[in-house]
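In what follows, a single structure is set out as structure tokens and then discussed.
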Amino acid sequence: MKHILILTGVFCLILSFSLFADDRTWTDRAGKFQVEATLLDFDGKEVKLKKKEDGKVISLDLEKLSLPDQVYVKKTMESLSKSEEPKSVEKNTEPVEKAPESPSEKTTSKRSRKPLPEDEDEENSQNEEIAFRGKIPVTRLSIARQIRTDLTKPGWSISPDPAKTLTLDFPLQPMVFPYRRQDFSTHIKMEGIGFADESPETILTAASFSSHGETKMTQVYVGNLKTLEIQSQLFPARLSPLGLSPDGTKALFIQETTTERRDNKIHLTIADVTQPKFPCIGVLIPFAELKRDRGFDSKMEIEWADWIDNEQILAQSRSGQLVLLKTGTGAAVWTLEGSSISSVTLSPGKKYLLTCCHQNRGSVHVLIETQTGRPLGQLQTPKSWKVPGSGAHFVFSPDGTKLAACDNDWIHLWDATNGAATDSFYVGRVSVYKRNMFWIEPSYLLAGGTLIETKQQLPIWKYSDTQSEDSFFAGKYWHMKRPDSSDSTHFAVLGLTIPHAAMPKLPLLTDSQKYCIRPGITVKLTVDSAIPDHEKVRNYVRSLLRNNGINVADNAAVSLKVTIKAEEPKEVYYGDHFFGRNITGHANFTAHTMSYQFEQDGKVLWATSCRTAAPSTITNEELKNRSLQDIVNEKSKLTSSWYLSVEIPKKIPFDKAGTSSLIPIRTSIGKRH
């Protein structure tokens, strides 16, 4: 049968069914249509049923049936795929009548094109590493038309999209997950935590086991935070959990497979976690259309994905493409293509998404309506701000009214209802896990373990043991406690309150107590005479200080020193394999570092620096009449644009944030039976 994909070993559960299915009551998703009938056939999209009452055959779209009916169809046809007559449960040549539709089902999307021809899809599916066993919907996408984000209006006006108010009305205890280690050389990796919006007591997590750098298997767990009951299943593959569907019945994973070239992550696997052994009910390859003739292409790899509702998933490719797809059919609702989409942020209720798109004239942060793909506006950043780069991480406040971005040393704030910039301030370096940024309370941001008070613009506490796998849900910070030792047989997940109760309350400090550098102070400025344009640099720095409200005087207690240093020369190689321009040779390059350093009484208050890099754009045309060394020397000359590239924040807070671990008292969490 066409539109059949083969599941190779993972989540494969073959249930025994009779060749002839029994009568059952079939219900549509809206609960407005019921019929007693027998399953006849399923072609990957429509289900044929024989009515018990009059023997007539009716046809319904699979995605319009209730979830239990969809699961029943898939499991039945999966079992029958091994039989000699896999095409149907009963042979039938009677005319088919269409089943009645409920009013809510009459509107269908007009954005998607027709699927690929059946012969082409079958040919391509034979080369897929992972897919379905049995008569399951094909996963190759019907790509919708591209959305033109460059036509977006400069501003937006939207209603807030708050998160559902979720409370855990039971005492939280550590959730302990046992595992069986194969041997002491096995490396264990915690793969993340997922929750369900409509079933807040349900938790999803996983641990993968690898030996000699190769992942052998993954233990998947689904637990109940209230009863502490755990179900688990061991699978022979690397599975990274992305989350639970809102109703908590399905789990989404990125499945990593191995090709001759490399490990890849091109498959999204969906499991039914209400059934024993968590059977697979879907495998999607959302970016299969990006596959090239040479076989596997890294552009097909999945960078990120998440549930939008119980039947739709939003996925992002590594090459910069977004797609909203239906899990029942794999059909695209809409797609967004860009030269590079580097980040995706969902609003708390998942009504909107914010993404950074790189265009010919630079990067723009675009707000999009999730269900339709309709652009709603572009985020506006004032010229006086340090503009958030493509690596900036954004997060909406839980009530959907505020938007924050963390970009290296800076925090930027906007009004999420109209895209208006409200504030920008310097907080200093945060953890490498800054992508784990959460809006804890109306005035608290947690960025990579650094707790930031946004009203007073201060980093006030640092948690020393936050991890990239941690999460924030239902007002609690969920921390994965790794195994205590190499012979441990369990790990734990703890729901913690942040800020913790023992943290000192932030006092009403004056600016002089909060900020070491601030408007109104006076500094002594010295510029290293070794800088060729030192007078130009001096005038530039004086203008920066003046714009920040800082005075300059020779007798000030605080000094700002601007210095330049030439590093030891290094040999740089230019060749085909690196630059691809048929240049082969060596040249000496001397890097320079310029530093800005505020000091008081011999103590460094704040410092920053910038460093030159070896020139990379050298062409064969330039080498016709000149040596490689001459060209490198010319392109390495220091310029005024480099001297004048450093920025000085208006306010620089004292580095006095308290520090503690998330679990102040070291405890040994015993194995729970």
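The values are calculated or read from the model by the stated rules, or taken from the named source; none is laboratory data. Because the structure is predicted, anything quoted here is derived from the model rather than measured. Reconstructed Cβ throughout: ideal geometry from the backbone, glycine too, with neighbour counts over all protein chains shown.
Looking for whichever is at pLDDT 85 or above and exposed (fewer than 14 other Cβ atoms within 10 Å of the Cβ) here; the options are Lys656, Lys650, Lys637. Which one fits? Explain how you work it out, then say what you get.
Details: Lys656 fails: at pLDDT 85 or above; Lys650 fails: exposed (fewer than 14 other Cβ atoms within 10 Å of the Cβ).
Just a single option satisfies the conditions, and that option is Lys637.
Glu53: modelled with pLDDT of 80 or more, farther than 30 Å from Met217 by Cα and not in a strand (DSSP E or B), yes or no?
Numbers: modelled with pLDDT of 80 or more: yes; farther than 30 Å from Met217 by Cα: yes; not in a strand (DSSP E or B): yes.
So Glu53 fits the description; yes.
In segment 466-501, which residues are under 30 Å from Asp511 (Cα atoms) and surrounded by fewer than 17 Cβ atoms within 10 Å (Cβ to Cβ)? Before the answer, list the steps.
Residues of segment 466-501 that are under 30 Å from Asp511 (Cα atoms), as a first pass: 466, 497-501.
Matches in segment 466-501: Thr497, His500, Ala501.
Is it true that Ser645 is at pLDDT 90 or above, assigned by TED's automatic domain parsing to the domain that holds Asn548, more than 30 Å from Phe491 (Cα to Cα) and touching a Cys at 6+ places or on another chain (Cβ under 9 Å)?
Numbers: at pLDDT 90 or above: no; assigned by TED's automatic domain parsing to the domain that holds Asn548: yes; more than 30 Å from Phe491 (Cα to Cα): yes; touching a Cys at 6+ places or on another chain (Cβ under 9 Å): yes.
The answer is no for Ser645.
For segment 361-380, give me each residue that is in a loop (DSSP other than H, G, I, E, B) and either farther than 27 Å from Lys164 by Cβ or at pLDDT below 80 (or both).
Arg361, Gln380
Conditions first: (1) at pLDDT 85 or above; (2) in a loop (DSSP other than H, G, I, E, B). Ile618 passes all but one, so which condition is the exception?
Failed condition: (1).
Say we look at segment 435-478 and pick out the residues that are assigned to a strand (DSSP E or B) and among the small types (Gly, Ala, Ser); which of these is nearest to Met503 (Cα to Cα)? Working first, answer last.
So the first thing to find is which residues in segment 435-478 are assigned to a strand (DSSP E or B), and the list is 437-441, 444-447, 450-453, 458-463, 471-473, 476-478.
Narrowing further to those that are among the small types (Gly, Ala, Ser): 447, 471.
Numbers: Ala447: 17, Ser471: 21 Å.
Among them, the one singled out is Ala447.
Name the pairs: first residue in segment 381-394 and modelled with pLDDT of 75 or more, second residue acidic (Asp, Glu), Cβ to Cβ under 8 Å, at least 6 apart or on different chains?
Ala392/Asp407; His393/Asp407
For segment 56-77, how many residues meet the condition of being small (Gly, Ala, Ser) and in a loop (DSSP other than H, G, I, E, B)? Working first, answer last.
Within segment 56-77, the first condition is being small (Gly, Ala, Ser), and the residues that meet it are 59, 66.
Restricting the remaining residues to those that are in a loop (DSSP other than H, G, I, E, B) gives 66.
So the count comes out to 1.
Pick from segment 599-630 the residues that are of a type in the set (Gly, Ala, Ser) and under 30 Å from Gln513 (Cα atoms): which of them is surrounded by the fewest Cβ atoms within 10 Å (Cβ to Cβ)? Give the derivation first.
Within segment 599-630, the first condition is being of a type in the set (Gly, Ala, Ser), and the residues that meet it are 602, 607, 609, 613-614, 616, 627.
Now narrow it down to the ones that are under 30 Å from Gln513 (Cα atoms): 602, 607, 609.
Values: Gly602: 5, Ala607: 11, Ser609: 13.
Ranking the qualifying residues of segment 599-630, first place goes to Gly602.
Of these, Ile285, Ile281, which one is at pLDDT 75 or above, buried (at least 22 other Cβ atoms within 10 Å of the Cβ), closer than 15 Å to Ile266 by Cα and β-branched (Val, Ile, Thr)?
Working: Ile281 fails: closer than 15 Å to Ile266 by Cα.
Going through Ile285, Ile281 in turn, the sole match is Ile285.
Mind counting the residues in segment 659-673 that are of a type in the set (Ser, Thr, Tyr) and modelled with pLDDT under 85? Spell out how you get there, then give the answer.
Of all residues in segment 659-673, those of a type in the set (Ser, Thr, Tyr) come to 659-661, 667-668.
Okay, now just the ones that are also modelled with pLDDT under 85, so 667-668.
Number of matching residues: 2.
Considering only segment 302-331, state which residues are at pLDDT 85 or above and assigned to a loop (DSSP other than H, G, I, E, B). Walk me through it before giving the result.
Going through segment 302-331, the residues at pLDDT 85 or above turn out to be 302-317, 322-327.
If the condition is that a residue be at pLDDT 85 or above and assigned to a loop (DSSP other than H, G, I, E, B), then Asn310, Glu311, Thr327 are the ones that fit.
Do we have any residue at all in segment 405-414 that's over 17 Å from Ala447 (Cα atoms), modelled with pLDDT of 85 or more and either touching a His at 6+ places or on another chain (Cβ under 9 Å) or not hydroxyl-bearing (Ser, Thr, Tyr) (or both)?
Here is the first cut: in segment 405-414, the residues over 17 Å from Ala447 (Cα atoms) are none.
So far as segment 405-414 goes, no, none of its residues is over 17 Å from Ala447 (Cα atoms), modelled with pLDDT of 85 or more and either touching a His at 6+ places or on another chain (Cβ under 9 Å) or not hydroxyl-bearing (Ser, Thr, Tyr) (or both).
Could you check Asn127 against (1) surrounded by fewer than 21 Cβ atoms within 10 Å (Cβ to Cβ); (2) in contact with a strand residue (DSSP E or B) (Cβ under 9 Å, 6 or more places away or on another chain); (3) at negative phi; (4) at pLDDT 55 or above and say which number it fails?
With (1) surrounded by fewer than 21 Cβ atoms within 10 Å (Cβ to Cβ); (2) in contact with a strand residue (DSSP E or B) (Cβ under 9 Å, 6 or more places away or on another chain); (3) at negative phi; (4) at pLDDT 55 or above applied to Asn127, the lone miss is (4).
If you take the residues in segment 138-159 that are surrounded by fewer than 17 Cβ atoms within 10 Å (Cβ to Cβ) and either in a loop (DSSP other than H, G, I, E, B) or among the hydrophobic types (A, V, I, L, M, F, W, C) (or both), which one is modelled with the highest pLDDT?
Out of the qualifying residues, it is Ser159.
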